[in-house]
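The values are calculated or read from the model by the stated rules, or taken from the named source; none is laboratory data. Small disclaimer: the values here were computed from a predicted structure and weren't measured. Please note: Cβ atoms are built from the backbone with ideal geometry, for glycine as well, and neighbour counts cover all protein chains shown.
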There are 2 protein chains.
Amino acid sequence: MSDSSRRQFLAGAATLSAAAAVGTAQAGQICSDLPPVVHKVYFWLKNPTSTEDRDQLIAGLKTLGAISTVQGIHVGVPASTEQRDVVDNSYQVSELLLFANAADQDAYQIDPIHLKFVEQCSHLWSKVVVYDSIAV
Amino acid sequence: MSDSSRRQFLAGAATLSAAAAVGTAQAGQICSDLPPVVHKVYFWLKNPTSTEDRDQLIAGLKTLGAISTVQGIHVGVPASTEQRDVVDNSYQVSELLLFANAADQDAYQIDPIHLKFVEQCSHLWSKVVVYDSIAV
(Lines give C-alpha, C1' and ligand atoms only; values in the text may rest on other atoms or scores of the structure.)
Protein backbone atom coordinates (compact mmCIF):
# COMPACT_ATOMS: atom_id res chain seq x y z
CA MET A 1 0.00 0.00 0.00
CA SER A 2 1.47 3.37 -0.95
CA ASP A 3 2.00 6.02 1.70
CA SER A 4 -0.80 8.03 0.15
CA SER A 5 -3.22 5.10 0.15
CA ARG A 6 -2.27 4.21 3.70
CA ARG A 7 -2.98 7.74 4.88
CA GLN A 8 -6.36 7.68 3.17
CA PHE A 9 -7.08 4.28 4.67
CA LEU A 10 -6.06 5.45 8.11
CA ALA A 11 -8.24 8.50 7.79
CA GLY A 12 -11.19 6.39 6.72
CA ALA A 13 -10.72 3.81 9.47
CA ALA A 14 -10.40 6.46 12.13
CA THR A 15 -13.44 8.38 10.98
CA LEU A 16 -15.65 5.33 10.59
CA SER A 17 -14.71 3.84 13.93
CA ALA A 18 -15.26 7.04 15.86
CA ALA A 19 -18.51 7.79 14.04
CA ALA A 20 -19.81 4.31 14.83
CA ALA A 21 -18.85 4.73 18.47
CA VAL A 22 -21.18 7.66 19.10
CA GLY A 23 -23.44 7.66 16.07
CA THR A 24 -23.37 11.42 15.79
CA ALA A 25 -19.80 12.22 14.77
CA GLN A 26 -19.43 13.89 11.40
CA ALA A 27 -16.78 12.88 8.90
CA GLY A 28 -13.90 15.31 8.91
CA GLN A 29 -14.67 16.55 12.39
CA ILE A 30 -12.32 14.28 14.25
CA CYS A 31 -8.81 15.40 14.97
CA SER A 32 -7.09 14.21 18.11
CA ASP A 33 -3.49 15.14 18.84
CA LEU A 34 -2.10 17.09 15.93
CA PRO A 35 1.32 16.16 14.54
CA PRO A 36 3.94 18.33 16.29
CA VAL A 37 5.23 20.48 13.44
CA VAL A 38 2.85 22.93 11.76
CA HIS A 39 3.91 24.80 8.60
CA LYS A 40 1.63 27.82 8.09
CA VAL A 41 1.79 29.99 4.98
CA TYR A 42 -0.15 33.09 3.94
CA PHE A 43 -0.26 34.29 0.33
CA TRP A 44 -1.01 37.76 -1.05
CA LEU A 45 -1.82 37.58 -4.77
CA LYS A 46 -0.38 39.94 -7.38
CA ASN A 47 -3.97 40.28 -8.57
CA PRO A 48 -5.92 40.18 -5.27
CA THR A 49 -9.34 40.34 -6.91
CA SER A 50 -8.68 37.63 -9.51
CA THR A 51 -10.72 34.56 -8.61
CA GLU A 52 -8.97 32.76 -11.47
CA ASP A 53 -5.53 33.35 -9.94
CA ARG A 54 -6.85 32.48 -6.49
CA ASP A 55 -8.35 29.22 -7.71
CA GLN A 56 -5.16 28.30 -9.56
CA LEU A 57 -3.15 28.81 -6.37
CA ILE A 58 -5.67 26.80 -4.33
CA ALA A 59 -5.53 23.94 -6.85
CA GLY A 60 -1.74 24.03 -6.74
CA LEU A 61 -1.64 23.98 -2.94
CA LYS A 62 -3.96 20.98 -2.82
CA THR A 63 -1.42 18.91 -4.76
CA LEU A 64 0.95 19.23 -1.77
CA GLY A 65 -1.14 16.78 0.25
CA ALA A 66 0.29 13.95 -1.86
CA ILE A 67 3.81 14.51 -0.53
CA SER A 68 4.78 11.53 1.61
CA THR A 69 5.86 13.46 4.71
CA VAL A 70 2.67 15.58 4.84
CA GLN A 71 0.43 14.27 7.64
CA GLY A 72 -2.39 16.77 7.30
CA ILE A 73 -3.35 19.66 5.02
CA HIS A 74 -5.69 22.66 5.20
CA VAL A 75 -6.00 25.08 2.29
CA GLY A 76 -8.13 28.10 3.10
CA VAL A 77 -9.23 31.68 2.59
CA PRO A 78 -9.97 34.32 5.26
CA ALA A 79 -12.85 33.19 7.49
CA SER A 80 -15.83 35.40 8.26
CA THR A 81 -15.05 35.65 11.94
CA GLU A 82 -15.66 38.81 13.93
CA GLN A 83 -13.51 41.69 12.68
CA ARG A 84 -10.98 42.76 15.31
CA ASP A 85 -7.90 44.94 14.99
CA VAL A 86 -5.55 42.05 15.75
CA VAL A 87 -6.97 39.94 12.91
CA ASP A 88 -5.08 40.08 9.62
CA ASN A 89 -7.49 39.10 6.83
CA SER A 90 -5.59 40.92 4.09
CA TYR A 91 -4.16 37.71 2.59
CA GLN A 92 -6.04 35.83 -0.11
CA VAL A 93 -5.06 32.16 0.46
CA SER A 94 -3.66 30.18 3.39
CA GLU A 95 -1.93 26.84 3.63
CA LEU A 96 -1.37 24.67 6.68
CA LEU A 97 0.64 21.46 6.61
CA LEU A 98 1.33 19.04 9.46
CA PHE A 99 4.58 17.11 9.87
CA ALA A 100 6.04 14.62 12.33
CA ASN A 101 9.22 16.67 12.73
CA ALA A 102 11.22 19.59 11.31
CA ALA A 103 13.33 17.32 9.10
CA ASP A 104 10.17 16.12 7.33
CA GLN A 105 9.25 19.75 6.66
CA ASP A 106 12.71 20.38 5.24
CA ALA A 107 12.33 17.28 3.03
CA TYR A 108 8.96 18.56 1.84
CA GLN A 109 10.60 21.79 0.65
CA ILE A 110 12.69 19.88 -1.90
CA ASP A 111 10.08 17.27 -2.84
CA PRO A 112 9.43 17.27 -6.64
CA ILE A 113 5.70 17.91 -6.06
CA HIS A 114 6.51 21.03 -4.02
CA LEU A 115 9.10 22.23 -6.54
CA LYS A 116 6.56 21.78 -9.35
CA PHE A 117 4.00 23.78 -7.35
CA VAL A 118 6.50 26.64 -6.87
CA GLU A 119 7.42 26.57 -10.55
CA GLN A 120 3.79 26.68 -11.69
CA CYS A 121 2.31 29.03 -9.09
CA SER A 122 4.96 31.40 -7.71
CA HIS A 123 4.15 33.99 -10.40
CA LEU A 124 0.71 34.35 -8.80
CA TRP A 125 1.77 35.88 -5.49
CA SER A 126 3.45 39.14 -4.55
CA LYS A 127 4.10 38.29 -0.89
CA VAL A 128 4.29 35.14 1.21
CA VAL A 129 4.78 34.82 4.95
CA VAL A 130 5.64 31.52 6.64
CA TYR A 131 5.41 30.50 10.29
CA ASP A 132 6.78 27.10 11.32
CA SER A 133 5.85 25.99 14.83
CA ILE A 134 6.63 22.95 16.93
CA ALA A 135 4.41 21.76 19.76
CA VAL A 136 5.43 22.40 23.35
CA MET B 1 -20.78 12.19 28.59
CA SER B 2 -19.47 15.74 28.63
CA ASP B 3 -18.29 17.35 25.42
CA SER B 4 -14.74 17.21 26.72
CA SER B 5 -14.99 13.52 27.61
CA ARG B 6 -16.62 12.74 24.29
CA ARG B 7 -13.80 14.43 22.42
CA GLN B 8 -11.21 12.50 24.38
CA PHE B 9 -13.15 9.29 23.76
CA LEU B 10 -13.42 10.01 20.05
CA ALA B 11 -9.73 10.74 19.87
CA GLY B 12 -8.91 7.49 21.65
CA ALA B 13 -11.24 5.42 19.51
CA ALA B 14 -9.90 6.89 16.30
CA THR B 15 -6.27 6.41 17.31
CA LEU B 16 -6.72 2.86 18.55
CA SER B 17 -8.70 1.75 15.53
CA ALA B 18 -6.27 3.18 13.03
CA ALA B 19 -3.26 1.85 14.93
CA ALA B 20 -4.78 -1.62 15.00
CA ALA B 21 -5.49 -1.45 11.28
CA VAL B 22 -1.85 -1.16 10.27
CA GLY B 23 0.05 -2.01 13.40
CA THR B 24 2.58 0.74 12.88
CA ALA B 25 0.62 3.95 13.34
CA GLN B 26 1.79 6.09 16.21
CA ALA B 27 -0.60 7.75 18.63
CA GLY B 28 -0.99 11.41 17.85
CA GLN B 29 0.15 10.98 14.26
CA ILE B 30 -3.28 10.49 12.73
CA CYS B 31 -5.12 13.48 11.46
CA SER B 32 -7.52 13.03 8.59
CA ASP B 33 -9.63 15.90 7.34
CA LEU B 34 -9.08 18.87 9.59
CA PRO B 35 -12.11 20.81 10.85
CA PRO B 36 -12.78 23.64 8.36
CA VAL B 37 -12.05 26.74 10.48
CA VAL B 38 -8.50 27.31 11.71
CA HIS B 39 -7.75 30.12 14.18
CA LYS B 40 -4.00 30.88 14.15
CA VAL B 41 -2.39 33.28 16.58
CA TYR B 42 1.22 34.48 17.01
CA PHE B 43 2.44 36.15 20.20
CA TRP B 44 5.42 38.45 20.74
CA LEU B 45 6.26 38.72 24.44
CA LYS B 46 6.99 41.98 26.23
CA ASN B 47 10.00 40.14 27.64
CA PRO B 48 11.06 37.98 24.69
CA THR B 49 13.87 36.24 26.55
CA SER B 50 11.86 35.41 29.67
CA THR B 51 11.26 31.67 29.75
CA GLU B 52 9.05 32.25 32.81
CA ASP B 53 6.73 34.56 30.84
CA ARG B 54 6.79 32.22 27.85
CA ASP B 55 5.88 29.22 29.98
CA GLN B 56 3.07 31.14 31.70
CA LEU B 57 1.62 32.03 28.30
CA ILE B 58 1.97 28.43 27.07
CA ALA B 59 0.21 27.12 30.18
CA GLY B 60 -2.58 29.65 29.71
CA LEU B 61 -3.03 28.74 26.05
CA LYS B 62 -3.30 25.06 26.89
CA THR B 63 -6.37 25.75 29.06
CA LEU B 64 -8.22 26.79 25.86
CA GLY B 65 -8.47 23.17 24.72
CA ALA B 66 -11.21 22.64 27.33
CA ILE B 67 -13.58 25.04 25.56
CA SER B 68 -16.48 23.03 24.14
CA THR B 69 -16.31 24.35 20.57
CA VAL B 70 -12.55 23.70 20.23
CA GLN B 71 -12.03 20.59 18.07
CA GLY B 72 -8.25 20.59 18.05
CA ILE B 73 -5.39 22.57 19.61
CA HIS B 74 -1.68 23.10 18.93
CA VAL B 75 0.43 25.34 21.15
CA GLY B 76 3.92 25.88 19.82
CA VAL B 77 7.16 27.81 19.52
CA PRO B 78 9.21 28.53 16.37
CA ALA B 79 10.41 25.27 14.78
CA SER B 80 14.00 24.70 13.79
CA THR B 81 13.23 24.47 10.09
CA GLU B 82 15.59 25.82 7.47
CA GLN B 83 15.98 29.59 7.73
CA ARG B 84 14.56 31.35 4.68
CA ASP B 85 13.77 35.02 4.16
CA VAL B 86 10.02 34.33 3.92
CA VAL B 87 9.95 32.60 7.32
CA ASP B 88 8.94 34.77 10.28
CA ASN B 89 10.36 33.18 13.43
CA SER B 90 10.42 36.40 15.45
CA TYR B 91 7.37 35.43 17.54
CA GLN B 92 7.79 33.54 20.81
CA VAL B 93 4.59 31.45 21.07
CA SER B 94 1.97 30.23 18.59
CA GLU B 95 -1.56 28.93 19.03
CA LEU B 96 -3.71 27.01 16.56
CA LEU B 97 -7.33 26.09 17.26
CA LEU B 98 -9.71 24.13 15.05
CA PHE B 99 -13.45 24.81 14.82
CA ALA B 100 -16.42 23.39 12.93
CA ASN B 101 -17.48 26.84 11.71
CA ALA B 102 -16.88 30.58 12.17
CA ALA B 103 -19.75 30.92 14.67
CA ASP B 104 -18.02 28.41 16.97
CA GLN B 105 -14.87 30.55 16.80
CA ASP B 106 -16.90 33.64 17.69
CA ALA B 107 -18.45 31.74 20.63
CA TYR B 108 -14.96 30.71 21.78
CA GLN B 109 -13.95 34.38 21.96
CA ILE B 110 -16.52 35.03 24.71
CA ASP B 111 -16.19 31.68 26.51
CA PRO B 112 -15.34 32.20 30.23
CA ILE B 113 -12.21 30.05 29.87
CA HIS B 114 -10.93 32.30 27.06
CA LEU B 115 -11.83 35.48 28.93
CA LYS B 116 -9.96 34.20 32.00
CA PHE B 117 -6.94 33.43 29.83
CA VAL B 118 -6.95 36.97 28.40
CA GLU B 119 -7.32 38.45 31.87
CA GLN B 120 -4.45 36.41 33.28
CA CYS B 121 -2.04 36.45 30.34
CA SER B 122 -2.58 39.54 28.17
CA HIS B 123 -0.02 41.52 30.18
CA LEU B 124 2.63 39.10 28.89
CA TRP B 125 2.53 40.05 25.21
CA SER B 126 3.33 43.24 23.34
CA LYS B 127 1.94 42.14 19.97
CA VAL B 128 -0.48 39.53 18.72
CA VAL B 129 -1.43 38.69 15.13
CA VAL B 130 -4.41 36.50 14.24
CA TYR B 131 -5.25 34.72 10.99
CA ASP B 132 -8.63 32.97 10.72
CA SER B 133 -9.01 30.70 7.71
CA ILE B 134 -11.80 28.52 6.37
CA ALA B 135 -11.19 25.51 4.14
CA VAL B 136 -11.87 25.76 0.42
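Give the residue, chosen from A:ILE113, A:ILE134, that is of a type in the set (A, V, I, L, M) and touching a residue at least 60 places away in the same chain (Cβ under 8 Å). Full working, then the answer.
Details: A:ILE113 fails: touching a residue at least 60 places away in the same chain (Cβ under 8 Å).
Going through A:ILE113, A:ILE134 in turn, just one is of a type in the set (A, V, I, L, M) and touching a residue at least 60 places away in the same chain (Cβ under 8 Å): A:ILE134.
Every residue in the stretch A:94-114 that is more than 8 Å from chain B (Cβ to nearest Cβ) and touching a helix residue (DSSP H, G or I) at 6+ places or on another chain (Cβ under 9 Å), please.
Passing the criteria: A:GLU95, A:LEU97, A:PHE99, A:TYR108, A:ASP111, A:ILE113, A:HIS114.
Would you confirm whether or not the stretch B:34-54 contains a residue that is at pLDDT below 95, at the interface with chain A (Cβ under 7 Å from one of its Cβ atoms) and either over 21 Å from B:HIS123 (Cα atoms) or touching a His at 6+ places or on another chain (Cβ under 7 Å) (or both)?
Scanning the stretch B:34-54, I find at least one residue that is at pLDDT below 95, at the interface with chain A (Cβ under 7 Å from one of its Cβ atoms) and either over 21 Å from B:HIS123 (Cα atoms) or touching a His at 6+ places or on another chain (Cβ under 7 Å) (or both), so the answer is yes.
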